[in-house]
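These notes concern the structure reproduced below.
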Amino acid sequence: MPGNIDKAQFFVNGVDTKTKGLDIVLAWKKTINENHFSATLVGNINDMKIDKVKNGTLDEKTFFGERDKAFLLASAPPSKFGLNLNYARKWFDAGLAFTRFSDVKLLDYQMDEDPEDYRTSPDETDEQVFANQKKAATDTYGAKIVTDLTLGFKLSKSTKISIGANNLFNIYPDQQDDWVEAGGYWDAVQMGFSGAYYYARLGFNF
């Protein structure tokens, strides 16, 4: 390439997909004397299919191979649901949230290895060897529920302190081997991989 450039990176409209799904939102509110209650259930159900990969004359491993397809499909997990519960009374409020992330499957770097490394018998066909390799490379992240909690206390009309936790029970994705994208215990799946986060916050209104 001119200018001593040997690599280039750019976006390309190279994949056709079709996605069918359902979004759900249910909300409820109730006030009893000075007690305010509310609950919201949100969720979505997805079904994404890859119709066509426009790789032209490029080899599939060079352009959007099996690993890339798995990452694309994981970007629209089969389902995600959240339940938010809230309570408030005078100087106090509380929020409790549960988020359920569905299972996803990704393919690790074993898909880039020599397929012959996964041959278990001389009589196996290429399709069987490929199936062995794909099975070994499949990383399954099971469904998880993450809990968030926040408690708020009004100290005055203009001052409020909040304490809480994101991922209260320190839930992590299922641990994988070191073949994953980042070379660690898991990939960057939707539920995150940072564990619990606890905080205290002081707010002022002027």
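The values are calculated or read from the model by the stated rules, or taken from the named source; none is laboratory data. Remember, it's a predicted structure, so these values are computed and weren't measured experimentally. No Cβ is skipped: glycine too gets one built from the backbone with ideal geometry, and neighbour counts run over all protein chains shown.
Restricting region 37-58 to residues that are surrounded by 11 or more Cβ atoms within 10 Å (Cβ to Cβ) and touching a Lys or Arg at 6+ places or on another chain (Cβ under 7 Å), the residue that is farthest from P77 (Cα to Cα) is F37. One residue stands out in region 65-101 among those that are surrounded by 15 or more Cβ atoms within 10 Å (Cβ to Cβ), touching a residue at least 12 places away in the same chain (Cβ under 8 Å) and charged (D, E, K, R): the one that is farthest from I45 (Cα to Cα), namely D93.
Here is a yes/no grid of residues against (1) farther than 30 Å from T17 by Cα; (2) under 16 Å from the mean Cα position of the chain (by Cα); (3) in a loop (DSSP other than H, G, I, E, B); (4) among the polar types (S, T, N, Q):
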| site | (1), (2), (3), (4) |
| --- | --- |
| A76 | no, yes, yes, no |
| Y87 | yes, no, no, no |
| A97 | yes, no, no, no |
| P122 | yes, no, yes, no |
| K157 | yes, no, yes, no |
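Among the residues of region 148-185, those identified as modelled with pLDDT under 95 and among the hydroxyl-bearing types (S, T, Y) are S156, S158, T159, Y172, Y185. Restricting V104, V146 to those that are under 21 Å from S38 (Cα atoms) and either touching a residue at least 24 places away in the same chain (Cβ under 8 Å) or not hydrophobic (A, V, I, L, M, F, W, C) (or both) reduces the list to V146. So which residues in region 32-74 are among the hydrophobic types (A, V, I, L, M, F, W, C), part of a strand (DSSP E or B) and in contact with a Ser or Thr (Cβ under 8 Å, 6 or more places away or on another chain)? The answer is F37, I45, M48, I50.
One residue stands out in region 124-155 among those that are assigned to a helix (DSSP H, G or I) and of a type in the set (A, V, I, L, M, F, W, C): the one that is farthest from the chain's Cα centre (by Cα), namely V129.
All of (1) surrounded by 14 or more Cβ atoms within 10 Å (Cβ to Cβ); (2) under 17 Å from R67 (Cβ atoms); (3) aliphatic (A, V, I, L, M) hold for A182 with one exception: (1).
Under the condition of being among the aliphatic types (A, V, I, L, M) and out of contact with any strand residue (DSSP E or B) (no Cβ under 7 Å at 6 or more places or on another chain), the residues counted in region 1-55 number 5.
If K61 satisfies every condition in (1) of a type in the set (K, R); (2) at pLDDT 90 or above; (3) over 30 Å from I32 (Cβ atoms); (4) surrounded by fewer than 17 Cβ atoms within 10 Å (Cβ to Cβ) but one, which is the exception? Here K61 meets the rest and fails (2).
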